[in-house]
DNA sequence: ACATTTTATGTTACCGATAACATGCTATCC
DNA sequence: GGATAGCATGTTATCGGTAACATAAAATGT
């Protein structure tokens, strides 16, 4: 890589101006078909590679959409990202990904870093952000979409569902099937906002249905996963039988709990019901299958892409898209 | 966002030249502490955001490392990405991610797109690429790391393990525990190169140990996951008892197979052994736990980050890092 | 045949930061 | 006290495209 090949080189080879090359590369109709072909040809031969950095600089349009996710290692967030990623390509945008580790302070740091790349829009997971994050975004007037949890005070567009409503479905179902002594298995108080919203949803739904107070079971710091679900039940041991339903913050946690119940010899669903959240693959495959709610992770991503597309082409769009959540009955309840 | 705030604006506010502001922002020691503080202050007040695009353009260093993964929705690849992502921050690099969907043609398209962003290095998963991909990279002299599968003809550095060796461990273990009629459950012939390497590893290890020919069971097109593992066993039904061990291409597939065996009433491991690959969380939590091999997904990412760091600072490094794979015994074998 | 429109291409200036070089000013030394 | 070294800051040119405007050549109309 002694000297980099630029449009100028291609232009000289063909015998036209760099401007014509630039036009040809953007498939500008005003460049004659013949010239375009010659330019393509020469570019190919010279091994020219288009430089998006220069374009981003000159046009002040980066072609980037910045995305933050709590974790990439979560099948649901990954599905959302996939839906977004596959759909966004059409509008010529590229995604810049950052993982917050479920912490809004980390999110702030990430947003700061991502903003230096001049993204044309920002997609955040969740509706809670540090004041500095909010300020950074609003000062710039950057288009924002918040996804997953529908926020009370949105920054811009939002696409997702209500954790409380989704958990309400679960609790109603459990109550309808005669379960009364519910425990909620999730992260420790305060650590995970999404988890906290789900716990709150369970508690209020239980209260509304006249069930006894829900017992919160701390499964450790977020992100809680299979191991934590298993460990939480292992810690309880046979006293898990004090409950007749474990409402878990997510399917992985539910699966961990289910496996541990089997090890303990606690029969699911006869002695104990177990429910998850998110409709992960493990819930659909395990034996018995886990009762859960489908929150359309994939579709969230796809809808975000659609909204982005519309936003960037200046359309008027609904500010808030609630994709809802549907109960998926399994054999654990 | 009427007019964007630049270093010039900050410079004017403080009463210095833009160059001094530039130096201050890069923590250049030659700028006096007092001036630096005043610049920081003014930048803060004006809401100035550093523009990496301009820097990337001027210095011809993008600060990007491009990464391709087969899929983001795979706990192992996600872990590798996480390891890489968390370690790479130190060198000031940012990752640009693309997912190939396990297809080298898509990889080529992605690499093309990523190259327009002038990445300073490229990280590819796997050792098989289209000729065009290889050409694109070598012409540019772009530093490359191939990870996961150690390639026969590497493009540059490589960090990973041998699929064949790892599968060898599994087969040896099965053979040593008296299993003889092995089936390999994976993607259809040719579809998935990584899967094909694993199948080949099983077949040759079995041959070496004098076991009968291994039966290949097609679990569908890559990526094969839990559902596919379950469906493959469901399709076999009770004739699965013709085998005494199912060697699965991955833990999710093994878990699907295990669940389906339970539904069928086939006893694992008494009637049938099941093994996985990759040491996914589900293998460690399911009951029984699944025998698998740990390929150090997280560490692959971390090592790649280390190699990148060294590469970019011009150190001499080992060209090939084999992190090996270790057998993890579970209750399914 | 000449004016007018259309088509294809060229010219110029600029996006925001920074490398390389230049310079003014203040300590330090004998 | 004058020369020298060192520190802090300034000047200039530039990275590779492209918006906006300009223009030459060909096509069209009357």
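The values are calculated or read from the model by the stated rules, or taken from the named source; none is laboratory data. Please read all numbers here as calculations on a predicted model, not as lab measurements. Counting neighbours? That spans all protein chains shown, and the Cβs are built from the backbone with ideal geometry, glycine included.
Points to keep in mind about this one:
- Residue match in segment B:248-256 (condition: away from chain A (no Cβ under 14 Å), crowded, with 24+ Cβ neighbours inside 10 Å and within 22 Å of residue B:295 (Cα to Cα)): yes
- Test: residue B:10 is near DNA strand D (Cβ under 9 Å from one of its atoms) and either closer than 26 Å to residue A:132 by Cβ or in a loop (DSSP other than H, G, I, E, B) (or both): no
- Enumeration of residues in segment A:35-51 that are touching a residue at least 40 places away in the same chain (Cβ under 8 Å) and either in contact with a helix residue (DSSP H, G or I) (Cβ under 6 Å, 6 or more places away or on another chain) or more than 7 Å from DNA strand D (Cβ to nearest atom) (or both): A:46, A:47, A:48, A:49
- Against the numbered list (1) more than 13 Å from chain A (Cβ to nearest Cβ); (2) at pLDDT 95 or above, residue B:16 comes up short only at (2).
- Looking only at residues of segment B:262-296 that are surrounded by 24 or more Cβ atoms within 10 Å (Cβ to Cβ) and out of contact with any strand residue (DSSP E or B) (no Cβ under 7 Å at 6 or more places or on another chain), we find that the one that is farthest from the other protein chains (Cβ to nearest Cβ) is B:280.
- Residue A:154 vs. criteria assigned to a loop (DSSP other than H, G, I, E, B), away from chain B (no Cβ under 11 Å) and farther than 17 Å from residue A:223 by Cβ: yes
- In the set A:196, A:205, A:176, A:232, only one residue is surrounded by 20 or more Cβ atoms within 10 Å (Cβ to Cβ) and more than 14 Å from every other protein chain (Cβ to nearest Cβ); that residue is A:205.
- Test: residue A:108 is within 25 Å of residue B:48 (Cα to Cα) and within 16 Å of DNA strand C (Cβ to nearest atom): no
- One residue stands out in segment A:1-35 among those that are within 41 Å of the chain's Cα centre (by Cα) and surrounded by 13 or more Cβ atoms within 10 Å (Cβ to Cβ): the one that is farthest from DNA strand C (Cβ to nearest atom), namely A:5.
- Test: residue B:77 is surrounded by 18 or more Cβ atoms within 10 Å (Cβ to Cβ), within 16 Å of DNA strand D (Cβ to nearest atom) and either facing chain A (nearest Cβ under 10 Å) or at pLDDT below 95 (or both): no
For (1) more than 9 Å from DNA strand D (Cβ to nearest atom); (2) out of contact with any strand residue (DSSP E or B) (no Cβ under 6 Å at 6 or more places or on another chain); (3) more than 24 Å from residue A:137 (Cα to Cα), each residue gets a yes or a no:
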position	(1), (2), (3)
B:17	no, yes, yes
B:22	no, yes, no
B:27	yes, yes, yes
B:30	no, yes, yes
B:33	no, yes, yes
B:72	yes, no, yes
B:89	yes, yes, no
B:96	yes, no, no
B:102	yes, yes, yes
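- Test result for residue A:54, over 30 Å from residue A:148 (Cα atoms), within 11 Å of DNA strand D (Cβ to nearest atom) and surrounded by 21 or more Cβ atoms within 10 Å (Cβ to Cβ): no
- With respect to the conditions (1) within 16 Å of DNA strand C (Cβ to nearest atom); (2) at pLDDT below 95, residue A:51 falls short on a single one, namely (2).
- Look at (1) under 30 Å from residue A:3 (Cβ atoms); (2) buried (at least 17 other Cβ atoms within 10 Å of the Cβ); (3) within 8 Å of chain B (Cβ to nearest Cβ) and you find that residue A:63 fails only one, number (3).
- Count of segment A:179-193 residues, restricted to those that are within 21 Å of the chain's Cα centre (by Cα) and surrounded by fewer than 21 Cβ atoms within 10 Å (Cβ to Cβ), is 3.
- Residues satisfying the criterion are absent from segment B:135-144 (criterion: at pLDDT 95 or above and out of contact with any helix residue (DSSP H, G or I) (no Cβ under 7 Å at 6 or more places or on another chain)).
- Residues in segment A:107-130 that are more than 14 Å from chain B (Cβ to nearest Cβ) and more than 18 Å from residue A:63 (Cα to Cα): A:107, A:125, A:126, A:127, A:128, A:129, A:130.
- Any pair with Cβ under 6 angstrom, 6 or more apart, that starts in segment B:307-333 at a residue that is on the phi > 0 side of the Ramachandran plot and assigned to a loop (DSSP other than H, G, I, E, B) and ends at one that is modelled with pLDDT of 95 or more and buried (at least 16 other Cβ atoms within 10 Å of the Cβ): B:324/B:161
- When residue A:42 is tested against (1) within 16 Å of DNA strand C (Cβ to nearest atom); (2) surrounded by fewer than 16 Cβ atoms within 10 Å (Cβ to Cβ); (3) more than 11 Å from chain B (Cβ to nearest Cβ), exactly one condition is not met: (2).
- Some residue of segment B:52-65 being under 30 Å from residue A:75 (Cα atoms) and out of contact with any helix residue (DSSP H, G or I) (no Cβ under 7 Å at 6 or more places or on another chain): yes
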